[in-house]
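Enquirer: There's a structure below that I have some questions on.
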Amino acid sequence: MSKQQTNNKQQTVAESEATLKRFEVERTNILDRQALLADRRREIAFDALSGDKSATRLLDGLHREAVELESRLVSVGDAIAEAQRRLAAAREHEQKEANKQRALQVRQVLGELVEGLGDCGKALDLFVVGANKANDALDELHRFGCRVPTRDVVRVYGALAIHTALMQSALWSREIGRHLAPNERKDFRQLKVQWHDMVERNAVAPYLDDDDGEQINNEQINSEQAKTEAA
């Protein structure tokens, strides 16, 4: 890498700020030195112009240094202007990089949002299918003379289970109004076990022989195993 390429490489904001500060300190030092020389020239100008050779030589040296300082001040001014330009460029570069990283993070989180909402959609689709299936099965149970669970019980307890599930959602928990007390909360997984046992105990088991019950249980077990293997 050439010296020119090294000098023009992208600096960080901290590096650019440090460079600018160094140039500004140098300009301040030059201005302080110029003020000191001006005072010194005023002190010896009379003697030098009055023929004092020592004062004349000193005044000549002060003039030369003043010229050098003025030239140096111009160069430092140019360096400060360039340092300010590079600092602005460094800030713009770092801001672009920060924006880029933030955009990548937003894209990743956006994917999680879309995935989460997609899961909600799938769950609701499955819920509708399950609810309609349960509704049809409830009609069949009642047609067979099985009175429990009643439609009102399934409807109310099911609504409480939905309410309970929504209470656990950080996004929609405030939209459901009143939060249920612990003894009001329901879960479809618990309800299905309760209602299954209720119907089995009251409308099925009393009318089956032990062999019939065992056969039905074996069929249910085989059916569940088949579903598990298929999944």
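The values are calculated or read from the model by the stated rules, or taken from the named source; none is laboratory data. Computed from a predicted model, the values in this text were never measured in an experiment. Please note: Cβ atoms are built from the backbone with ideal geometry, for glycine as well, and neighbour counts cover all protein chains shown.
Enquirer: Given the conditions (1) farther than 26 Å from Asp187 by Cα; (2) surrounded by 12 or more Cβ atoms within 10 Å (Cβ to Cβ); (3) among the β-branched types (Val, Ile, Thr), which single one is not true for Val153?
Expert: (1)
Enquirer: Would you mind finding the one in Arg85, Arg91 that is free of Cβ contacts under 8 Å to residues at least 24 places away in the same chain, closer than 30 Å to Arg22 by Cβ and surrounded by 10 or more Cβ atoms within 10 Å (Cβ to Cβ)? Give the derivation first.
Expert: Working: Arg91 fails: free of Cβ contacts under 8 Å to residues at least 24 places away in the same chain.
On inspection, the qualifying residue turns out to be Arg85.
Enquirer: Further question on the same structure: Quick one: how many residues across the range 157-204 are under 23 Å from Leu124 (Cβ atoms), part of a helix (DSSP H, G or I) and basic (Lys, Arg)?
Expert: 3
Enquirer: Just to check your reading of the model, which residue among Asp139, Asp211 is part of a helix (DSSP H, G or I) and modelled with pLDDT of 95 or more?
Expert: Numbers: Asp211 fails: modelled with pLDDT of 95 or more.
On inspection, the qualifying residue turns out to be Asp139.
Enquirer: Condition first: under 34 Å from the mean Cα position of the chain (by Cα), closer than 27 Å to Val128 by Cβ and not β-branched (Val, Ile, Thr). Can you find one or more residues in the range 185-206 that meet it?
Expert: Within the range 185-206, one or more residues are under 34 Å from the mean Cα position of the chain (by Cα), closer than 27 Å to Val128 by Cβ and not β-branched (Val, Ile, Thr).
Enquirer: Still on this structure, please answer the following. Looking at Val67, Val114 in this structure, which one is of a type in the set (Val, Ile, Thr) and outside the structural domain of Asp39 (by TED's automatic domain parsing)? Steps first, answer last, please.
Expert: Details: Val67 fails: outside the structural domain of Asp39 (by TED's automatic domain parsing).
Testing whether each residue is of a type in the set (Val, Ile, Thr) and outside the structural domain of Asp39 (by TED's automatic domain parsing) leaves just Val114.
Enquirer: Identify, from the list Val129, Val106, Val154, Val114, the residue that is in contact with a Phe, Trp or Tyr (Cβ under 8 Å, 6 or more places away or on another chain) and assigned to a helix (DSSP H, G or I). Can you show your working first?
Expert: Details: Val129 fails: in contact with a Phe, Trp or Tyr (Cβ under 8 Å, 6 or more places away or on another chain); Val106 fails: in contact with a Phe, Trp or Tyr (Cβ under 8 Å, 6 or more places away or on another chain); Val114 fails: in contact with a Phe, Trp or Tyr (Cβ under 8 Å, 6 or more places away or on another chain).
After ruling out the rest, the residue left standing is Val154.
Enquirer: So the check is Cβ under 6 Å with 6+ separation or different chains; which pairs have a first residue in the range 9-25 that's closer than 10 Å to Gln84 by Cβ and in the same structural domain as Lys96 (by TED's automatic domain parsing) and a second one that's basic (Lys, Arg) and part of a loop (DSSP other than H, G, I, E, B)?
Expert: Pairs found: none.
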